[in-house]
Amino acid sequence: MTPSIPNKLPNVGTTIFTVMSALATQHNAINLGQGFPDFPMNPKLTSLVTEAMQANQNQYVHMCGLPLLRERLAEKVNESYQCNVHPDTDITITPGGTYAIYTAFTTILSPGDEVIVFEPAYDSYIPNIELNGGIAIRIPLQHPSYDIPWDLVRAKITPKTKAIIINSPHNPTGSVLTQNDINELTDIVDHSNIIIISDEVYEHLIFDDKAHLSILKYPALSARSFVCFSFGKVYHCTGWKMGYCIAPPTLMAAFRKVHQFNVFTCNSPMQHGIAAFLTEKNQYLELGKFLQQKRDYFQQLMQATPFVPLPSYGSYFQLYSYENISQQSELEFATALTEKAGVATIPVSAFYKTPTNNQVLRFCFAKKEETLEAAVERLRRSF
């Protein structure tokens, strides 16, 4: 007899990304759903990792990450955000940004603690909170601009509020924090014990000459924050699952207590390769322009369809409204689009815990031009 176990996530099934990718495979659809590039990464980085393997740099590195990698990240953060972080006490290398976010939640949450989450939200946030006994206090962003309703945030703060999680550039909407958002957040957490978890995995994927307002730029906020990043998004190697977390020494010391008994340390040759490649600064400084060209090209192609674009100022993604096409729910329409048009997307309703229907789908434009052209041609022929 199979032993019974508690169901820690009774309302969670297979992620929408897995569901839609499987559906895409079943119907030979072009997958503009899951957020991964289909173009090759820089061969120099793969060569550096290969060289590290061949040089026998394959054994454990320091629990917190390769020292040279942390030193170069500290330099990068100082140059990018005028924030002096110490490589020994403030930076931990992690197996991906999602892991960093989960570890931050595990570090701070006790049963009954509340965390303010803005929806639509990346799908790991609420399960992370609930697995750690916390309660997600969900606040909807204001469609279609997806602005944060700060008055509602103030109304939802209670003595049990342990944290606020923010994400900019935002997945799935492509919205970004403004200086007003930073001011409002600073005012709300001032003289409180509220911790900020800042998901900044798309930090360099920002468009239209907008600045990424990292929490690290603001001492009053960074002093109470775990800030999470991803090498996969910066270097087009999402399958490597490499990222890092930055936090002040007291918070990071607690983070590392959890980290050491979970993964202990991360892929060694990749850390050596990335540390060497970080000296190629244009690889991340020019990334926004590179992805903006793809966003703009996709927008141009999509003008031949009835889909209506919503603004995207960052990330791999742009939302498109289909309200002029169908009254179906987002999941129904996304499923039909995959089956009949041969193009897979993600229904934005999947990023809400309670089903929501604003009749918008998320498209990933981080693809080769020929992939985007083929996908839009299929859409054009279908409507």
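Every number here is computed from the coordinates shown, using simple stated rules; none is lab data. Every value quoted in this text rests on a predicted model; they were computed, and no experiment measured them. Quick reminder, even Gly has a Cβ in these numbers, built from the backbone with ideal geometry, and neighbours come from all protein chains shown.
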With label points set 7 Å from each Cα along the Cα-to-Cβ direction at F261 and K289, the distance between them in nm comes to 4.9
At E71 and N193, where each label point lies 7 Å from the Cα along Cα→Cβ, what is the point-to-point distance in nanometres?
3.9
Stokes-Einstein at 37 °C, 0.692 mPa s, Kirkwood radius from Cα pairs: D for segment 21-91 in µm² s⁻¹?
207
Could you compute the FRET efficiency for K281 and N28, with r as their C-beta to C-beta distance and R0 at 41 Å, rounded to 0.05?
0.50
What is the Å³ per residue value for the convex hull set by the Cα atoms of segment 76-196?
129
Taking 0.36 nm per residue of separation and subtracting the Cα-Cα distance, what length does fully extending Y297 through N84 add?
72.9 nm
Neighbour-count ranking for D113, D38 (other C-beta within 10 angstrom, fewest to most) reads D38, D113
The residues L66, L301, L361, sorted from fewest to most surrounding Cβ atoms within 10 Å, come out as L301, L66, L361
Do you know the relative contact order of the chain, to the nearest whole percent, from alpha carbon pairs under 8 angstrom that are 6+ apart?
25
With -39,500 (n - 2.57) per DSSP H segment of 4 or more residues and division by the full residue count of the chain, the 222 nm estimate, nearest 500 deg cm²/dmol, is -11000 deg cm²/dmol
Distance between Cα centroids, segment 188-213 to segment 287-308: provide it in whole Å.
25
Could you give the distance between the Cα centres of segment 33-95 and segment 111-158, to the whole Å?
30
